[in-house]
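The values are calculated or read from the model by the stated rules, or taken from the named source; none is laboratory data. Because the structure is predicted, anything quoted here is derived from the model rather than measured. Please note: Cβ atoms are built from the backbone with ideal geometry, for glycine as well, and neighbour counts cover all protein chains shown. All accessible areas refer to the heavy atoms of the entire protein, side chains included, with ligands and DNA or RNA removed. Shrake-Rupley method; radii C 1.70, N 1.55, O 1.52, S 1.80 Å.
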Amino acid sequence: LRFTPAATRIINLIQGDVGRPVGHIVSNLVGYNHLVEDVQTVLDTLIPQETDVQITEGKWYSMRILPYRTMDNVIEGVVITFVDITEKKQSLALLKQAHGQLRLVQVARDSKDAVVVHALDGSLMAWNPAAERLFGWTEAEALGKPLAEVYQVVSEEDEQPVENPASRVLREGAICALVNHTLLIARDGGRRPIADSGAPIRDDRGGIVGVVLVCRDQS
């Protein structure tokens with residue numbers, strides 16, 4: 001019957017659409033194609049419906065379908081409203097992401113295996129208590145140092161230098177499985193048998209932004 005100019009950003013409407021069936025109108029809603037059914041349900045039950053919908057450009061809206069009553073309390077149709085909730089959705093997503101990161105941090109803190117994270121430039125970004133015990137460097141001493149300075153591995157057989165998993169992860173762009181029969185050279189010069197593995201850390205677009213290493217003491 002009628003619409004506001006702002007509605008044209010969500011549903012492809014022009015003035016010539018007035019009088020056309022709603023089912024013939026193309027919307028910009030993503031993954032939502034039962035507007036006609038929901039409108040009919042509200043007309044049949046007179047119970048408002050509310051759902052979150054997203055449009056093709058990425059914005060989110062809270063869509064409400066309510067019975068439209070005249071001054072004489074006669075139902076003449078429905079009113080559909082869209083309230084922009086994009087910021088709310090983004091905030092919730094960030095909170096969820098932060099919660100997940102906090103849980104991962106807690107898992108790393110409690111792990112008996114050394115967990116080490118480094119950036120693409122090789123500088124250390126995370127160092128859990130197990131890493132302190134295994135490598136001999138405190139977290140304060142290790143953070144910011146180049147990985148190669150504190151993470152030196154040799155083979156058990158001839159003590160020749162062995163490539164650490166981080167290099168393989170960056171070269172292959174994939175998880176590097178546990179490597180056995182290697183010795184870690186600790187800060188005090190002692191050799192400790194270890195099994196270590198690595199995995200890439202990716203951003204939202206899939207690019208590698210760092211590497212996480214897990215090192216298990218095999219003593």
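Taking 7 Å steps out from each Cα toward its Cβ at residue 6 and residue 192 produces label points 6.1 nm apart.
Accessible surface computed residue by residue for the chain, with neighbouring protein chains in place and a 1.4 Å probe, gives 63 Å² per residue. If R0 is 25 Å, what FRET efficiency do you get for residue 139 and residue 52 from their C-beta distance, rounded to 0.05? According to the calculation, E is roughly 0.05. Taking the 1.4 Å solvent-accessible surface of the chain as the whole, the part contributed by carbon and sulfur is 54%. Taking one quarter of the surface of the C-alpha convex hull of the stretch 149-195 gives a mean projected area of 3.4 nm². Is the shape of the stretch 124-219 best called rounded, prolate or oblate, per the rule: a/c under 1.5 gives rounded, else a/b larger than b/c gives prolate, else oblate, with a ≥ b ≥ c the square roots of the Cα gyration tensor eigenvalues? It comes out oblate by the Cα gyration axes. Note on the stretch 21-58 and the stretch 141-219: Cα centroid distance 53 Å, given to the nearest whole angstrom.
Each helix, a run of at least 4 DSSP H residues, gives -39500 (n - 2.57); summed and divided by the residues of the chain, these come to -8000 deg cm²/dmol at 222 nm.
Amide H contacts of residue 77: 68, each under 5 Å away and 5 or more positions distant or on a separate chain (H built 1.01 Å from N in the peptide plane; Pro and chain starts excluded). DSSP loop (so not H, G, I, E, B), at most 14 other Cβ within 10 Å: list which trypsin sites (Lys or Arg not before Pro) in the stretch 1-97 pass both filters. Of the trypsin sites (Lys or Arg not before Pro), the ones in loops of the stretch 1-97 whose Cβ has at most 14 other Cβ atoms within 10 Å are 2.
Counting heavy atoms of the protein chains alone, residue 110 has an accessible area of about 110 Å² for a 1.4 Å probe. Near the amide H of residue 27, within less than 5 Å, lie the amide hydrogens of 12, all on another chain or at least 5 residues away, with H placed in the peptide plane. Between helix 35-45 and the chain there is an angle of about 60 degrees, using the helix long axis and the longest principal axis of the Cα atoms. Among 56, 45, 81, which one shows the biggest mean-square fluctuation in a GNM of the chain, springs joining Cα atoms closer than 10 Å? With Cα springs under 10 Å in the chain, the top fluctuation among 56, 45, 81 is at 45. In plain terms, the chain is cut at each of the GluC sites (Glu not before Pro) found in a DSSP loop with at most 14 other Cβ atoms within 10 Å, and the longest leftover piece is 58-155.
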